[in-house]
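The values are calculated or read from the model by the stated rules, or taken from the named source; none is laboratory data. Quick caveat: nothing in here was measured; it's all calculated off a predicted structure. Note: ideal-geometry Cβ built from the backbone for every residue, glycine included; neighbour counts use all protein chains shown.
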Amino acid sequence: MRVLLAGATGYIGQAVLKELAAKGHEVIALARPGHTLVEETQAVTVVEADITMDTEWDSQVPPVQAVVSCLASRTGAPDDAIRVDFEANQRLLARAERDGVAHFVLLSAICVQKPVLAFQQAKLQFESALYDSPVPATVIRATAFFRSLVGQLARVQAGKPFLVFGSGEGTACKPISDRDLARFMVAQLDEPREGTVQRIIGGPGPAITPLAQAKMLCDAAGQPCRLRSLPINMFTWLRWVITPLALFSQRMAERAEFLRIAQFYASESMLVWDEATQCYDADATPEFGEDTLEDFYHAICTGGRPPPDRREHSLF
Ligand SMILES: NC(=O)c1ccc[n+]([C@@H]2O[C@H](COP(=O)([O-])OP(=O)(O)OC[C@H]3O[C@@H](n4cnc5c(N)ncnc54)[C@H](OP(=O)(O)O)[C@@H]3O)[C@@H](O)[C@H]2O)c1
């Protein structure tokens with residue numbers, strides 16, 4: 001089928017593009033002018049447009065049968081999140097409604113189950129727009145990506161200790177590779193869809209704590225496993241320091257939001273949240289795929305694959 005893919009230049013978007021092409025779909029890939037795509041085959045038509053800025057963004061897009069959105073704010077800053085995670089997706093949805101598409105697949109995040117951050121609110125706002133739309137849709141709430149768990153590679157390779165918050169066992173996730181997530185997302189297009197459904201998805205288990213990540217990464221890097229514990233509230237303290245400045249500076253306001261995001265990920269698990277027990281539930285978190293974080297670390301450390309480009313996702 002002909003699929004309009006938005007966010008085709010992102011980490012997951014690039015993997016989805018490859019998978020769509022591999023599965024024989026004709027892809028119309030939306031990219032901001034000047035931003036290049038990894039996969040440019042005959043099956044892929046690139047439409048250069050900025051969906052957040054150009055009112056005529058879809059004038060070059062032919063009628064499509066499905067839409068896949070991997071759009072996401074790169075900063076998580078409140079204004080950007082509204083512009084990208086909500087408004088840009090709304091524009092895609094309006095186009096999907098006009099074309100009467102059979103399926104809209106949205107990449108969302110498992111963390112929206114506890115919405116305290118601006119970007120989570122923007123994502124939820126769009127998820128709710130999908131539920132209200134007549135377009136059949138799948139909301140994919142993914143757990144942590146492998147890319148989010150390589151931030152300390154250079155530290156560890158340089159013989160420095162792995163940084164953990166508290167004991168390093170207060171949170172856990174079932175990380176998923178870009179390839180496995182892309183396979184899961186594209187497979188949704190084979191399912192006849194009525195209404196909107198939500199799919200939470202993680203990689204193959206078991207759930208992994210930061211302490212377990214440290215052991216895996218140090219082992220792959222051939223380094224002894226040394227840890228340094230940081231106080232879990234350090235982001236809150238830093239935020240208190242810059243909050244007065246944030247009243248006068250947009251840049252400082254964005255730094256303050258970044259610290260809120262960092263605090264969230266340092267203290268919350270990327271697993272299904274059980275409202276009844278008020279606990280995260282690893283067993284209830286669905287698993288998919290074959291790629292393991294351990295193999296991923298080994299492949300990077302042995303030069304079998306390059307480390308992913310982390311861009312704005314760097315914390316350490
Ligand atoms: N990190 C994790 O562990 C994790 C876990 C679960 C779910 N998620 C969710 O997964 C989603 C996608 O993640 P990702 O890592 O693939 O994102 P990403 O690499 O940051 O890619 C974002 C995509 O959105 C586009 N975009 C951003 N701002 C734009 C703007 N102003 N105008 C037009 N296009 C814009 C980017 O285009 P450009 O290339 O032109 O910037 C890029 O194609 C996010 O919703 C995230 O919350 C992440």
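Quick notes
- Check on GLY7, on the phi > 0 side of the Ramachandran plot, in the same structural domain as GLN188 (by TED's automatic domain parsing) and touching a residue at least 40 places away in the same chain (Cβ under 8 Å): yes
- Some residue of region 154-163 being assigned to a strand (DSSP E or B) and in contact with a Cys (Cβ under 7 Å, 6 or more places away or on another chain): yes
- Scan of region 72-95 for residues that are touching an Asp or Glu at 6+ places or on another chain (Cβ under 7 Å) and within 9 Å of the ligand (Cβ to nearest atom), ordered by number: ALA72, SER73, ARG74, THR75, GLY76
- Residue, nearest to ALA129 (Cα to Cα), within region 182-212, restricted to residues that are surrounded by 16 or more Cβ atoms within 10 Å (Cβ to Cβ) and in contact with a His (Cβ under 9 Å, 6 or more places away or on another chain): ARG193
- Set THR45, THR55, THR41, THR75: member being among the hydroxyl-bearing types (Ser, Thr, Tyr), at negative phi, within 15 Å of the chain's Cα centre (by Cα) and in the same structural domain as GLU191 (by TED's automatic domain parsing): THR75
- Condition broken by THR41, with the remaining ones in (1) modelled with pLDDT of 95 or more; (2) more than 14 Å from the ligand (Cβ to nearest atom) satisfied: (1)
- Residues (among the polar types (S, T, N, Q), crowded, with 19+ Cβ neighbours inside 10 Å and not in a strand (DSSP E or B)) located in region 130-153: THR143, GLN152
- Against the test of being without any contact (Cβ under 8 Å) to a residue 60 or more places away in the chain and more than 14 Å from the ligand (Cβ to nearest atom), the options GLU48, GLU56 yield a single qualifying residue, GLU56.
- Residue match in region 197-209 (condition: in contact with a Pro (Cβ under 9 Å, 6 or more places away or on another chain) and modelled with pLDDT under 95): no
- Which numbered condition ALA187 fails, given (1) free of Cβ contacts under 8 Å to residues at least 24 places away in the same chain; (2) part of a loop (DSSP other than H, G, I, E, B): (2)
- Qualifying residue in region 246-268 (condition: outside any helix (DSSP H, G or I) and surrounded by 14 or more Cβ atoms within 10 Å (Cβ to Cβ)): yes
- Under the condition of being assigned to a loop (DSSP other than H, G, I, E, B) and crowded, with 17+ Cβ neighbours inside 10 Å, the residues counted in region 76-101 number 3.
- Complete set of residues in region 258-306 that are of a type in the set (Phe, Trp, Tyr) and closer than 30 Å to THR236 by Cα: PHE258, PHE264, TYR265, TRP273, TYR280
- If you go through region 1-38 and keep only what is in a strand (DSSP E or B) and closer than 19 Å to ILE140 by Cβ, you end up with VAL3, LEU4, LEU5, ALA6, VAL27, ALA29, LEU30.
- Looking only at residues in region 1-14 that are within 8 Å of the ligand (Cβ to nearest atom) and touching a helix residue (DSSP H, G or I) at 6+ places or on another chain (Cβ under 6 Å), the one that is farthest from LEU93 (Cα to Cα) is TYR11.
- Among the residues making up region 132-179, those that are touching a helix residue (DSSP H, G or I) at 6+ places or on another chain (Cβ under 9 Å), within 16 Å of the ligand (Cβ to nearest atom) and not hydrophobic (A, V, I, L, M, F, W, C) are THR138, ARG141, THR143, ARG147, SER148, GLY151, GLN152, THR171, PRO175, SER177, ASP178, ARG179.
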